[in-house]
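In what follows, a structure is listed as structure tokens, so that the remarks can point back to it.
The values are calculated or read from the model by the stated rules, or taken from the named source; none is laboratory data. If you're wondering where the values come from, they're calculated on a predicted model, not measured in any experiment. Every residue, glycine among them, receives a Cβ derived from its backbone with ideal geometry; neighbour counts consider all protein chains shown. In case anyone asks, the SASA skips ligands and DNA or RNA and just uses the protein heavy atoms, side chains included. Shrake-Rupley method; radii C 1.70, N 1.55, O 1.52, S 1.80 Å.
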Amino acid sequence: MSMEQRPLGRTGADVSVVGLGTWQLGGDWGDVDDDTAADVLDAALDAGVTLLDTADVYGDGRSEERIRRALVARSDRPFVATKAGRRADPFEAAQYTPENLRAWVDRSRRNLGVETLDLVQLHCPPPATYEDDRVYDTLDTLLEEGAVAAYGVSVETVAEGLRAIQRPNVQTVQVILNIFRRKPLEELLPAARRAGVGILARVPLASGLLTGKYDESTTFAPDDHRSFNRHGEAFDVGETFSGVPFEVGVAAAREVAEIAGDAPTAAFALRWVIDQPGVTTVIPGARTVEQVRGNVAAAALPPLTGAQLADLERVYDERIRAHVHDRW
């Protein structure tokens, strides 16, 4: 099945506008067994997804290993983006040494069963990392040696993204972008376009809020970050429900569903992201084949109308804006 493809920065690769995020195939979203993970990956690839996003810490390598196994029997190899850095203390820039970076990259190569990683992204590194020439010199060396084909940065804030694209060999920036998280539209996406940097939009459904399927009584498993990280107990709170209080997000998502009309709410929310100038690909996760198909449906939806865009902006202004931290 074909899907719209867009150039990923200056990597030379074209990737599908809907990719697949695979955090949930490693952990922190409740249990996903091997067979289910394999079915999800196969369904995505069969539906025309050509970009998979993973990380070395998703299940301590489980997500990468499951991708490797899923691709063994396939001839249609997708572009696989992974991440490195969160095996260190996420707040300790001193741990981003050349030795550690090389070890993390080599481990991902083994997990994925490849000589060269398509893309490695620094995984929401500490702020000081952006000014550390040694980090980028090491990545350049890995590039020259063929351990990686390209590198980028996954960021928490627009300011970090703007700092990252000042590095000449940064090819991609991954950032949270959704109907409830709009700040990247103002400066980061235009700057990335000018620099020829690809944008991977993550958490596009606000951790599921924008599926429209939750209500105030919805609960999540204890090993799901939507239970244990609601206030940033384990990592940046912005990664869970985009930092929006759950009850606030549920109420706002009901209005989004009304604006979507006959379109499935999740696909409608993903289409909003796809339509934003500068976005290369959106990377929703999926724990079931049905969720994969629902996500991929966004690629076939028409662009949102001016009236729909205005209504979504109103919901953001009235419901969400007061709860979004300035740094987001």
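For the residues Leu20, Leu25, Leu41, the requirement of being modelled with pLDDT under 95, crowded, with 24+ Cβ neighbours inside 10 Å, under 26 Å from Phe241 (Cα atoms) and under 19 Å from the mean Cα position of the chain (by Cα) singles out Leu25.
Per-residue answers, yes or no, for (1) modelled with pLDDT under 95; (2) closer than 30 Å to Asp311 by Cα; (3) in contact with a strand residue (DSSP E or B) (Cβ under 6 Å, 6 or more places away or on another chain); (4) not in a loop (DSSP other than H, G, I, E, B):
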{"residue": "Leu139", "(1), (2), (3), (4)": "no, no, yes, yes"}
{"residue": "Leu143", "(1), (2), (3), (4)": "no, no, no, yes"}
{"residue": "Val153", "(1), (2), (3), (4)": "no, no, yes, yes"}
{"residue": "Leu162", "(1), (2), (3), (4)": "no, yes, no, yes"}
{"residue": "Gln166", "(1), (2), (3), (4)": "no, no, no, no"}
{"residue": "Thr172", "(1), (2), (3), (4)": "no, no, yes, yes"}
{"residue": "Pro190", "(1), (2), (3), (4)": "no, yes, no, yes"}
{"residue": "Arg193", "(1), (2), (3), (4)": "no, yes, no, yes"}
{"residue": "Leu205", "(1), (2), (3), (4)": "no, yes, no, no"}
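The residues of region 67-103 that are open to solvent by less than 50 Å² (accessible area, probe 1.4 Å), within 21 Å of Leu51 (Cβ to Cβ) and more than 17 Å from the chain's Cα centre (by Cα), listed by number, are Ala70, Leu71.
Here Arg327 fits the description: basic (Lys, Arg) and either open to solvent by 70 Å² or more (accessible area, probe 1.4 Å) or in a loop (DSSP other than H, G, I, E, B) (or both). Among the residues making up region 295-313, a single one is closer than 21 Å to Ser207 by Cβ and free of Cβ contacts under 8 Å to residues at least 40 places away in the same chain: Ala297. Can you spot a residue in region 263-281 that is over 23 Å from Val315 (Cβ atoms) and not acidic (Asp, Glu)? So far as region 263-281 goes, yes, one or more of its residues are over 23 Å from Val315 (Cβ atoms) and not acidic (Asp, Glu). If you go through region 224-253 and keep only what is assigned to a helix (DSSP H, G or I), open to solvent by less than 10 Å² (accessible area, probe 1.4 Å) and more than 18 Å from Ile179 (Cβ to Cβ), you end up with just His225.
Among the residues of region 136-180, those identified as open to solvent by less than 10 Å² (accessible area, probe 1.4 Å) and touching a Gly at 6+ places or on another chain (Cβ under 8 Å) are Ala150, Gly152, Val153, Val155, Ala164, Val170, Thr172, Val173, Gln174, Val175, Ile176, Phe180.
Scanning region 44-66 for residues that are in contact with a His (Cβ under 9 Å, 6 or more places away or on another chain) and either open to solvent by 10 Å² or more (accessible area, probe 1.4 Å) or of a type in the set (A, V, I, L, M, F, W, C) (or both) yields Ala55, Val57.
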